[in-house]
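Only the coordinates and a few stated rules stand behind these numbers; no lab work does. Given the structure is predicted, the values throughout are model-derived calculations rather than measurements. Here Cβ is always computed from backbone atoms with ideal geometry, including for glycine, and neighbour counts include all displayed protein chains.
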Amino acid sequence: MQAATTAGRECWKCRAGAGEALVCARCGAVQPLPAGVDLFAILGLPRRLALDVTDLEQRYLAASRAVHPDRHQTASPEERELSLAASAAVNRSYRTLRDPVARGRYWLELNGTRLGDDGPAVPAAIADLVFETQEKLAELRGAGAGAEKDALRTEVAEIRARFTEHLTGLRGQLADRYAAPRSGPTLDELRQRLAEIAYLNTLLGDIEETIEEGSGGTHRRH
């Protein structure tokens, strides 16, 4: 995906120079988003993995206020539609870019690649623990009510805590790699790190589902 060119862009309403602005500085009209604009450009950010989170937050709040539909309730139908579209784009940009994992996935998309359709493989570094966990989950699913099931559920909950801690560490490492002083991760490294995180998210979902089933609860995947 290529960044849209906004040099010489004019306001559709008053014909003043609009540049990359979401809202015309002269007349206050919300501008249509250029075709192919990326999520970084929507918030006026350089296209790179390393972001200043505080700066991102400030840009989001300013952009959100400027294009929010409540500010354009008395405008023309065309302007209200532009406001809704711009507000949705600003929100999507913020949700994607503030999260290191979502930002990494989007970075792969921008560079014409993706994690793959076959599903993430078991990370080699934790393969033994993963297989042990799968066995425990099978035991918990097959256990009858009573002390044995309660003990298995407690054991699986402890495993869940270990994986959750490991996942938190992986997310932190990912953010650190983005901010590496010389260069960030290559596409291959990024894809590998994101695949490991995706696998752990799936595994934690299975663990949570099995624990809740063992407790008689209902689990709803998101």
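What is the extension gain from A198 to L129, computed as 0.36 nm multiplied by their sequence separation minus the C-alpha to C-alpha distance, in nm to one decimal? Kindly include the intermediate steps, with their values, before the conclusion.
Numbers: separation 69, 0.36 × 69 = 24.84 nm, distance 1.65 nm.
Length gained, A198 through L129: 23.2 nm.
In nm, what is the difference between 0.36 nm times the number of residues separating E139 and A121 and their Cα-Cα distance?
Values: separation 18, 0.36 × 18 = 6.48 nm, distance 2.29 nm.
Full-extension gain reported as 4.2 nm.
Please work out the FRET efficiency for the pair Q173 and E148, using the Cβ-Cβ distance as r and a Förster radius of 25 Å; give the result to the nearest 0.05.
On the way: r = 38 Å, r/R0 = 1.51.
Efficiency, from the Cβ-Cβ distance: 0.10.
Can you give me the relative contact order of segment 1-98 as a percent, contacts being Cα pairs under 8 Å and 6 or more apart? Don't skip to the answer; put the middle values down first.
Numbers: 122 pairs, mean separation 25.3, N = 98.
Taking the mean separation of contacting Cα pairs over the length of segment 1-98, I get 26 percent.
Within 10 Å of each candidate Cβ there may be at most 12 other Cβ atoms; applying that plus a DSSP loop requirement, which trypsin sites (Lys or Arg not before Pro) in segment 33-106 survive? Kindly include the intermediate steps, with their values, before the conclusion.
Working: sites: R47, R48, R59, R65, R71, R80, R92, R95, R98, R103, R105; in loops: R47, R48.
Those that pass, being in a loop and sparsely packed, are R47, R48.
Using Cβ counts within 10 Å as a stand-in for footprinting exposure, how do D52, D99 rank, fewest first? Write down the numbers at each step before the final one.
Values: D52 11, D99 14.
Ordered from fewest to most neighbouring Cβ atoms within 10 Å, D52, D99 come out as D52, D99.
Going through segment 133-222, which trypsin sites (Lys or Arg not before Pro) have at most 10 other Cβ atoms within 10 Å and a DSSP loop state? It would help to have the intermediate numbers written out before the result.
Numbers: sites: K136, R141, K149, R153, R160, R162, R171, R177, R182, R191, R193, R220, R221; in loops: R182, R220, R221.
Answer in residue order: R182, R220, R221.
Under the definition of Cα pairs under 8 Å and six or more residues apart, what whole-number percent is the relative contact order of the chain? Don't skip to the answer; put the middle values down first.
Values: 222 pairs, mean separation 38.8, N = 222.
Relative contact order comes out at 17 percent.
Going by amide H atoms built from the backbone, whose H comes under 5 Å of the H on R9, apart from near neighbours?
Correct list: A18, G19.
Write down the radius of gyration of the chain and its Dmax, each obtained from C-alpha positions, in Å.
When restricted to Cα atoms, the chain yields Rg and Dmax of 23.1, 75 Å.
Apply the a/c threshold of 1.5 to the C-alpha gyration tensor of segment 82-183 and tell me whether it is rounded, prolate or oblate.
Working: a/c = 2.62, a/b = 1.98, b/c = 1.32.
Cα axes put segment 82-183 in the prolate bin.
Can you work out the FRET efficiency for the pair R80 and Q58, with r the C-beta to C-beta distance and R0 = 41 Å, to the nearest 0.05?
Details: r = 26 Å, r/R0 = 0.64.
For R80 and Q58, the calculated efficiency is 0.95.
Evaluate the distance, in nm, between pseudo-label points positioned 7 Å from the Cα of N111 and of E189 along their respective Cα→Cβ axes.
In this crude label model, N111 to E189 measures out at 1.0 nm.
Quote the Stokes-Einstein diffusion coefficient, in whole µm² s⁻¹, for segment 1-98, based on the Kirkwood radius over alpha carbon pairs, a temperature of 25 °C and a viscosity of 0.890 mPa s. The partial results should precede the final answer.
Details: Rh = 13.7 Å.
Rounded, D is 179 µm²/s.
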